[in-house]
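Report on the structure given below.
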Amino acid sequence: MLQIQSLIPTYFDENKVRNSEIWNQAVHFQKNQQVEIVAPSGSGKTSLIHFLYGMRHDYKGKILIGQQTITDAGVDELALIRQSKLSVVFQDLRLFPQLTIEDNLLLQNNITPFLSIEQIKELLNRLGVISKWNQLARYCSYGEQQRIAIVRALSKPFDFLLLDEPFSHLDENNSLLALDLIREQVKARNAALILADLNKNHAFQPDVIYHL
């Protein structure tokens, strides 16, 4: 279980918190659950993803995964949580532009080996970007990089997959392909999918919807 307890960004005013279904609430995300967070611009969507992943701590309240408190986790403890329990697609993707797609993906896989190279290539093939394997990330379009970032997130172990506007630069067909692959991988691992976006994704039928 991933829990949020009375979470409020320290830089927020009361108006942004008052009507939220997440900020300053008690919220539990369960494995095998698919969750959508609808979060208009300025409501703190990216901040929330960063908080859940343990990247930022400028908030009041607590975040727990199982019995472990992400809020107070040390560097080594947080690294272990990320290696086995959390995976993420950031809004800004965070690929290394000077590395090839192969190196971007295998750099992570060397730290947390989970899929074989052949399995990773199959995921790229499913999303139509296998031809970019030997290309530098900076020469890929943003939509291609977005699909590659999705493959990177799926190529490691996780109990909770965090997605921050994962389809923002994809056309409808590629968005559906990516969503199908994500659901397939999440289901195979009995994991939770937490998708945060500016508006309701009508192709995604979650178990629960929260409005940030």
Which option, (1) 50; (2) 33; (3) 44, is the value of percent of Cα pairs over 26 Å apart that was calculated from these coordinates?
(2)
Among the listed pairs Lys132/Lys200; Lys31/Lys187; Lys62/Lys156, those beyond 19 Å (Cα-Cα)
Lys132/Lys200; Lys62/Lys156
Acute angle (nearest 10 degrees) that the helix 142-154 long axis makes with the longest principal axis of the chain, alpha-carbon atoms:
80 degrees
Quick one: dipole size for the stretch 110-212, taken about the Cα centre, charges +1 on Lys/Arg Cβ and -1 on Asp/Glu Cβ, in debye to the nearest 20.
300 debye
Simple spin-label model, 7 Å along Cα-to-Cβ: Ala79 to Gln135 in nm?
3.4 nm
Which one, Gln145, Val75, Leu212, projects farthest toward the positive side of the charge dipole computed for the stretch 72-212 from Cβ point charges (K/R +1, D/E -1)?
Gln145
Among DSSP beta bridges whose residues both lie in the stretch 2-211, state the antiparallel percentage, nearest 5.
40 percent
Estimated FRET transfer efficiency when R0 is 30 angstrom, pair Thr112-Ala203 (beta carbons, to 0.05)
0.55
Taking only Cα atoms, what is the 0 to 90° angle, nearest 10, from helix 101-111's long axis to the longest principal axis of the chain?
60 degrees
Tell me which of Val35, Ser47, Val17 sits at the most positive position along the dipole axis of the stretch 10-58, charges placed on C-beta atoms (Lys, Arg +1; Asp, Glu -1).
Val35
Do you know the relative contact order of the chain, to the nearest whole percent, from alpha carbon pairs under 8 angstrom that are 6+ apart?
33 percent
Trypsin sites (Lys or Arg not before Pro), restricted to the stretch 52-82: which are DSSP loop and have at most 12 other Cβ atoms within 10 Å?
none
Hz values of 3J(HN,Hα) by residue in the stretch 184-200 - Karplus curve (6.51, -1.76, 1.60), Gly and Pro given as x:
4, 5, 5, 5, 4, 9, 6, 9, 9, 10, 10, 10, 10, 8, 5, 9, 4
In a GNM of the chain with a 10 Å cut-off on Cα contacts, which of Ser47, Ser155, Ser87 has the highest mean-square fluctuation?
Ser47
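Bear in mind these aren't lab numbers, they're just calculated from the coordinates by the rules spelled out. As the structure is a computational prediction, the values presented were derived from the model and not from experiment. Cβ sites come from the backbone with ideal geometry, for glycine too, and all protein chains shown count toward neighbours.
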